[in-house]
Amino acid sequence: MIELSAADLAVITGGTLIGGAAQAPDTIVNSATTDSRESSPGSLFIAKPGEASDGHLFVEAAFARGAVLAIVERPVTDPSGSVYPAVLVPDAVLAMGAVAAEIVRRLRANAPLTVIGITGSAGKTTTKDLLAGILRGEGETVAPVGSYNGEVGVPLTIFGAGFGTRYLIVEMGATGVGHIEYLASMVKPDIGVVLCVGSAHAGEFGGVENIAKAKGELVEALAPGGTAVLNADDIRVAAMAQRAGSGVGILYFTSSPEEAHGAKSALRAVDARTDALGRPVFTLRFPDGSEHPVESGLIGAHHTANLLAAASAAYAAGVPAERIAAGLSGQKAASRWRMERTDRPDGVTIINDAYNANPESMRAALRTLAELGRGRRTWAVLGEMLELGDTSVTEHDAIGRYVVRLNISQLIVVGTGARAMHTGAVMEGSWGDESVFVETAEDAERILAESLEPGDLVLFKSSNGAALRYLGDRIALNAPSSTSAMPPESRQQHISPDLSGEAGGVQ
């Protein structure tokens, strides 16, 4: 983070210096965090209220670790009764956004900076990781930690940038119309990538068309000279080209044959397929006609779109084609619980893709399970897809039927919210114990512990809130539930909440 003074922060946020900060406005901060445990000498602690707790409760802990200033919505006193040095603001989250916007402005004024925004109903984090892998070979690159993609996560990403940063990648999620517009106004991206429009969170948005409206806000935010990178294989995304302003370039990506989609400016995956390990392999054709082979380290044919999106963003940023292809080849998942493969010593293979789920990503993961599982016994351990609104029962039912049509050997449905998957599987033709419904992850764990055999292939998939990723971790380790991989309960007690939402499920 670039250094800012207490006086700077008061001006940027429109806040008031209180406590010791009023007497020492030249106090300098060199980093910022909403987690008191991450505070360090010279840091700024942002006391953000949240659903689970209140960051104001941890101001003392932050200062004990070296924080020299806080952003607060109310004064906080130390044990002696003195007010901690702080910037008093009406809304700490909006203050974060204002600080982030000013940092971006100062970075641009200092040296060339390319800001790339990425949004979509699925694939944001994987695309972000792939793009960062390419760009780090071109210059200092800052990208989100995990899936920080909302009104808290985006500023936290920006706080990690410094005057040496050449590329800033921002993952943009939303839970409603106007959210991406706000994030884009903060960072003013040069390149905007839209991956897809899915049905996840349709309940929150009020329908898929509103999701498309929200995602397109990134395209509308691009200034003349910017580039919109659009998925030509998603009709709603392709249509966003009409929302681009004058002087904004359009770069499509597609895995369709040229005769099927004749976009003049497009990166294409030619002869796309998967190898014996389920990894995407294709020839990457650039708009200038040059071609380069790509052999990905990711698992699943659905990642072809993410690979193309990352390649397109890098191309728009001016990276040479041969270096883009070389940068993509071999890259594996950099973030956890995304088609994460573990081969146990006893011959059981685990694919843990339970970081998030929607109907589209659920089907993609199941197709990969079926393709990789030829000649093996396959297990789908599935939990609830959250925030589907009125379509929830229908969508869960359809997934259960899809499992049967793919001829998956065993289905374990976990949790009441996902029960319609089991019902759908039974109605589609599953019988006996091919499909099982259980209330808890512990129930599923007992079944797996008793039934898995060498050679079995097991997929774990659910929305973040269903927490099947931790069950997947335990089964991958062949460890009982007492050694759960879940983070300690104390984690929630130290965070100026709520980053749990940042890390999962935001569109």
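The values are calculated or read from the model by the stated rules, or taken from the named source; none is laboratory data. Here the structure is a predicted model, which means the values were calculated and not measured. Don't worry about glycine lacking a Cβ; one is built from the backbone with ideal geometry, like all the others, and counts go over all protein chains shown. Please note that ligands, DNA and RNA were not included when accessible areas were found on the heavy atoms of the full protein model with its side chains. Shrake-Rupley method; radii C 1.70, N 1.55, O 1.52, S 1.80 Å.
Over the chain, what is the relative contact order in whole percent, taking alpha-carbon pairs under 8 Å and six or more residues apart? Working shown, then result.
Values: 1208 pairs, mean separation 69.4, N = 507.
Over the chain, the number comes to 14 percent.
Skip the ligands, DNA and RNA, and give the accessible area per residue of the range 31-161 with a 1.4 Å probe, whole Å². Kindly include the intermediate steps, with their values, before the conclusion.
On the way: 4410 Å² over 131 residues.
Per-residue accessible area for the range 31-161 comes out at 34 Å².
To the nearest 500 deg cm²/dmol, what mean residue ellipticity at 222 nm is calculated for the chain from DSSP H runs of n ≥ 4 alone, each contributing -39,500 (n - 2.57), summed and divided by the residues?
Details: 19 runs with 171 residues, N = 507.
One gets -9500 deg cm²/dmol as the mean residue ellipticity at 222 nm.
Arranged from highest to lowest average of other beta-carbon atoms within 10 Å per residue, in what order do the peptides 6-14, 224-232 appear?
The packing order, highest mean first, is 224-232, 6-14.
Decide, for the chain, between rounded, prolate and oblate: order the square roots of the alpha carbon gyration tensor eigenvalues as a ≥ b ≥ c, take rounded if a/c falls under 1.5, and otherwise choose prolate if a/b is larger than b/c, else oblate. Let's see the in-between values first.
Working: a/c = 2.00, a/b = 1.30, b/c = 1.54.
In terms of gyration-tensor shape, oblate.
Quick one: Karplus J couplings for the range 410-425, per residue in order, coefficients 6.51, -1.76, 1.60, θ = phi - 60°, nearest Hz, x for Gly and Pro?
Once rounded to whole Hz, the list reads 9, 10, 10, 9, 10, x, 4, x, 9, 4, 4, 4, 5, 4, x, 5.
Please compute the net charge surrounding GLY347, taking Lys and Arg as +1 and Asp and Glu as -1 over other residues with Cβ under 13 Å from its Cβ.
With Lys, Arg at +1 and Asp, Glu at -1, the net is -1.
Which pairs in the list LYS188/LYS332; LYS215/LYS461; LYS213/LYS461; LYS48/LYS128; LYS48/LYS461; LYS124/LYS188 are over 20 Å apart, alpha-carbon to alpha-carbon? Don't jump to the answer; show the numbers that get you there.
Numbers: LYS188/LYS332 30 Å; LYS215/LYS461 25 Å; LYS213/LYS461 28 Å; LYS48/LYS128 26 Å; LYS48/LYS461 31 Å; LYS124/LYS188 18 Å.
Going by Cα-Cα distance, LYS188/LYS332; LYS215/LYS461; LYS213/LYS461; LYS48/LYS128; LYS48/LYS461 fall outside the 20 Å limit.
At R0 = 60 Å, how high is the FRET efficiency between ASP275 and GLU3 if r is their beta carbon distance? Nearest 0.05 is fine. Walk me through the intermediate numbers first.
On the way: r = 49 Å, r/R0 = 0.81.
Calculated value: 0.80.
Restricting the count to DSSP beta bridges whose residues both fall in the range 24-162, what percent are antiparallel, rounded to a multiple of 5? Before the final figure, lay out the partial values.
On the way: 2 of 11 bridges.
Here the share of antiparallel DSSP bridges comes out near 20 percent.
FRET efficiency for SER40 and THR440, Cβ-Cβ distance as r, R0 = 45 Å, nearest 0.05?
0.70
Once you list every other residue whose beta carbon is under 13 Å from the beta carbon of SER185, what net charge do they have if Lys and Arg are +1 and Asp and Glu are -1?
Details: positive: ARG105, LYS188; negative: GLU102, GLU151, GLU181, GLU217, GLU220.
Its environment carries a net charge of -3.
Under the 0.36 nm per residue contour assumption, what length would be gained going from the current alpha-carbon distance of ASN478 and SER329 to full extension? Mind dumping the intermediate values first?
Working: separation 149, 0.36 × 149 = 53.64 nm, distance 3.12 nm.
Extra length from ASN478 to SER329 when fully extended: 50.5 nm.
Between beta-carbons, use under 12 Å as the cut-off and find the net charge around ARG279, counting Lys and Arg +1, Asp and Glu -1. Let's see the in-between values first.
Details: positive: ARG273, LYS332, ARG341; negative: ASP275, GLU295, GLU371.
Its environment carries a net charge of 0.
What is the antiparallel percent of DSSP beta bridges lying wholly in the chain, to the nearest 5? Write out the running numbers ahead of the final one.
Values: 22 of 71 bridges.
Beta bridges within the chain, antiparallel portion: roughly 30 percent.
Counting only the heavy atoms of the protein chains, how much of VAL414 is accessible to a 1.4 Å probe, in Å² to the nearest 10?
Estimated to the nearest 10 Å², VAL414 gives 10 Å².
Does anyone have the angle between helix 359-372 and the longest principal axis of the chain? Alpha-carbon axes, 0 to 90°, nearest 10?
In the chain, helix 359-372 runs at an angle near 50 degrees to the longest axis.
Can you give me the % of accessible surface on the chain that is carbon or sulfur? Probe 1.4 Å, all protein chains present, nothing else counted.
Solvent-exposed carbon and sulfur of the chain make up 51 percent of the total.
As I understand it, the dipole of the chain uses +1 on the Cβ of Lys and Arg and -1 on the Cβ of Asp and Glu, about the Cα centre. Which of SER329, THR119, THR77 lies farthest toward its positive end?
Of the candidates, SER329 comes out farthest on the positive side.
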